[in-house]
Each structure stands twice: as structure tokens, then as C-alpha cells.
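Working notes, structure below.
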Amino acid sequence: MAKSTYCIIGAGLAGINATRHALEAGGDVTVFEQTSKVGGTWVYTDEIGKDKHGLDIHTSMYQGLKTNIPKEIMGFPDFPIGQQEESYVTSQDVLKFIENYVEKFELCKYIKFEHHVIRVTRKLDFEKWEVLVKDLQANRYDSYMFDYILVCNGHFFSPFTPKIPGHETFKGRQMHSHDYRSPAPFAGKNVVVVGGSHSGIDVAIASAPITKQLALSHRCPERLNIFYDKVVQKPEIARIYDNEVEFVDGTRQTCDVLVYCTGYRTSFPFLSVDCGITVEENHVQPLYKHCINIRHSSMAVIGLPFSVCFTLMVDLQIRFCIKFFSGGKRLPSEQEMVADTKADEEERAKRGFLKRQAHMLSGDLQQRYYDDLARIADIEPLKPVLTKLYTVCVREKKQDILNYRNNVYRIIDDENFIKVN
């Protein structure tokens, strides 16, 4: 009997994990990676804009980045990140972890580097997926057929930049954090950073000491605990002028550089319409349990949920999907999957979630999601200590943004952890 064939798009964290589990399930696996290395967004480059093949630079990594959750909840269940004393590790540590994982499970031979996926099409007559790929080095197009598709292309490569009134009149520099590599170009300048999430805070903290003045514009309901005198916190921008910005409170500030730390669009430019996947305000549908394509259940989209222990969740999602793909368990009917997804969306609406929060797993939703995946697919669950530690770390970050990465944690057992400093 012929092996089932798996196409995995992307060789970042999700892609390499999917490769391992698909191989262990007996699959014939091919991975397409448009860059020359494993690691996805964790691969740093000084380049911005386009790469040597004319494709958009994929990574959003910047100098000095450290993780915003501890390594104790960032590794795979049976493959931790490392033995560093600190809990919050560097991007280089994470990339090394990825490289070690690829070496340990001998995955590199399954990866076609510098192969750009152009189009994925469903071939109903054959019950297969046709994947058109450009071999970037050979400048050649090739077509492949697969039984299963695991989409692991990441979600931090297509920047979202809001169109604020007057943006076209601004005479300074406007950039997205996707193109931020270091604060050096901001020396002596008046900088406004837009966005109060992870990258916005990191850019503001790193840049403030060398700027003339720096404003952090955000819509968080409370002031952020950034105890830098040079970081002035402002509400949202109402309008942009040629050399200054006006905030919704009526105040204005001189501005030479606008840095938009405003997130990313979830994008699958290679999926043809017949794949049945739509994206609206980062809500990807129709997906069963935020990953399996309900219309064509031999396709899965990995890594969409956020406010999660990302790497651990990805491993769980992949084990969940492959349990069904490999025949280890039968999926519910399409009607049952639709009903389950509708119930999830209705609960989110009652909680006041916006459309762009369709895949957010805040609060109790995170552990419940993990437990649901494990129960439905009869797979090893994630331990409760992981979400407990995640919750504490998020709270401690809010309380002390400048110093939370100095905290060190150790997991004791399935339920408990300690803070050792």
C-alpha cells in the first residue's frame, strides 16, 4: 500500500514539527521553504523589503529580541529549548533550538529550500492537492500532487499599516515594525511608535535613550508601566501632518519617524479559491478547532490561535490533525464540525470578542482548547502547569514591563511551578 503524501508549507517552528509527526505517522513528506534556512521568522537578517529573488522578506526579527514568554513553556513537549539559567532567552537561542530539532530528527533531507509555493488547488477528480512551486535557484516551475496539506507559513510577514488621515502628507519616514532591525536610525530624532503590544513596547524601550523624544501611541485602557521619562504615552493618533501628529486628546507632537507596530494580516496568497478558505479581519474560516479545513478536511492551517503557549500548542494541533489524517481516528461529520465551530463563534460573540479576535484563546479558553484537542483525538494532553505559568507571566509583564524578563521559573510537576528569583 502506497504511503500517504504530505505537503508542508514552511520550515519554521510549525513546519519542522509537522514534518517530524507526519514522518512518524508513516507519511511520505515534502516541505517547501522559500528561504535558504530553517527557522521562519526566527532567522535574523539585516535585509528589509525584497530578497535576492524579489520576494518579500519573511522575517520580522530585530536585534536584541528576547522572548516574551519563558522557555519553560516554549519548547516541544519532549524537546525543551535548552539548559540556560534564564527563562527569557534570545532569538538566537530559539533559532538554535529549531536547528537542533531538525538535526535530532534528521528532517533536513525532506526540505526543499528556496522553493516558493505559488498555488495550491484542490483536484476533486483525484481527491488530491495540486501544488505549483517555483524552484527559485533553477528558475523553474514544478507541479506536485499530495494527499494532505499542512499550511505552516507563519502569520508575521504581511504587515498591517492603518491609513490614518493625513498619512500621505507626512514628510518624515513611515515604517512598519516588520522592517525594524535596530534603534540606530532613530538617534536624535522625534519618534512616534504606534501600538502598545509586544513589538511596540520593545521598540519604544530600545529607542528611547537615543531619540530626541519618543511618544508611544496606544489604545490600551490603562497606562503601560514603562518607567522611562523619555517615553511619553499618548492615545491614538487622530491625524498626521507634514512634520507632526495630532492625538485624539487634541495634543500634538513633532515627528520625524512614525513606526507602526500595528500587527500583521493573516495571509495565504497561495491558496486558490477552490480550497474553500476565506480570511476576513484575520478570521480564517471555516476551520474545525481552529485548524482543520471543514470544506476539505485533508488540509490544516497550523498556528492561528494567539494568547497561547505557541510552540506547545502547535505541537498539539499537529498531533491532533495527523491523528485524523493518518487514519488513527475518524473526524466528525462536516455538519458536526460546522455546528461546533458555530458554537465557538457564538460564545466569543457573547464575551464581546471582535472579529479579529476570532482565534484568541485568552483566559480559560486556552486550557479548554488544549483539553478539547487531546480528548477528541485521544492524544497526550498538555499539562495544566503550562497555562498556569503563562497566565502568571502575562500578569507580571503588565506589572513591570522593563524587568519582567529577569524573572526565572522552574516547572516542578504537571500542576506546579516555582519562581526562583
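The values are calculated or read from the model by the stated rules, or taken from the named source; none is laboratory data. Just so it is clear, the structure is predicted and the values come from calculations on it, not from any experiment. Counting neighbours? That spans all protein chains shown, and the Cβs are built from the backbone with ideal geometry, glycine included. The protein model used for the area step is the full one, side chains on, heavy atoms only, and it has no ligands, DNA or RNA in it. Shrake-Rupley method; radii C 1.70, N 1.55, O 1.52, S 1.80 Å.
Overview of results
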| quantity | calculated |
| --- | --- |
| Failed criterion for Phe32 (all others in (1) under 16 Å from the mean Cα position of the chain (by Cα); (2) open to solvent by less than 10 Å² (accessible area, probe 1.4 Å) hold) | (1) |
| Scope segment 372-403; condition closer than 17 Å to Glu415 by Cβ and open to solvent by 60 Å² or more (accessible area, probe 1.4 Å); matching residues | Glu380, Lys383, Lys388, Thr391 |
| Residue within segment 307-326 that is out of contact with any Leu (no Cβ under 7 Å at 6 or more places or on another chain), over 30 Å from Val94 (Cβ atoms) and open to solvent by 60 Å² or more (accessible area, probe 1.4 Å) present | no |
| Helices (runs of 4 or more DSSP H) (entirely within segment 272-379) containing at least 2 residues that are closer than 22 Å to Asp147 by Cα and out of contact with any His (no Cβ under 7 Å at 6 or more places or on another chain) | 310-325, 334-350 |
| Close pairs from segment 319-333: first of a type in the set (Ser, Thr, Tyr), partner at pLDDT 95 or above, Cβ under 8 Å, at least 6 apart | Ser326/Ser4; Ser326/Ala25; Ser326/Gly26; Ser326/Gly27 |
| Residue that is in contact (Cβ under 8 Å) with a residue 60 or more places away in the chain, charged (D, E, K, R) and open to solvent by 50 Å² or more (accessible area, probe 1.4 Å), where the choices are Glu86, Glu72 | Glu86 |
| Residue within segment 215-229 that is of a type outside the set (S, T, N, Q), in contact with a Ser or Thr (Cβ under 6 Å, 6 or more places away or on another chain) and assigned by the TED database to the domain that holds His176 present | no |
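Condition check ((1) under 21 Å from Leu316 (Cα atoms); (2) at pLDDT 95 or above; (3) in a loop (DSSP other than H, G, I, E, B)) across all residues:
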{"position": "Tyr6", "(1), (2), (3)": "yes, yes, no"}
{"position": "Thr19", "(1), (2), (3)": "yes, yes, no"}
{"position": "Asp46", "(1), (2), (3)": "no, yes, yes"}
{"position": "Gly54", "(1), (2), (3)": "no, yes, yes"}
{"position": "Leu95", "(1), (2), (3)": "yes, yes, no"}
{"position": "Lys109", "(1), (2), (3)": "no, yes, no"}
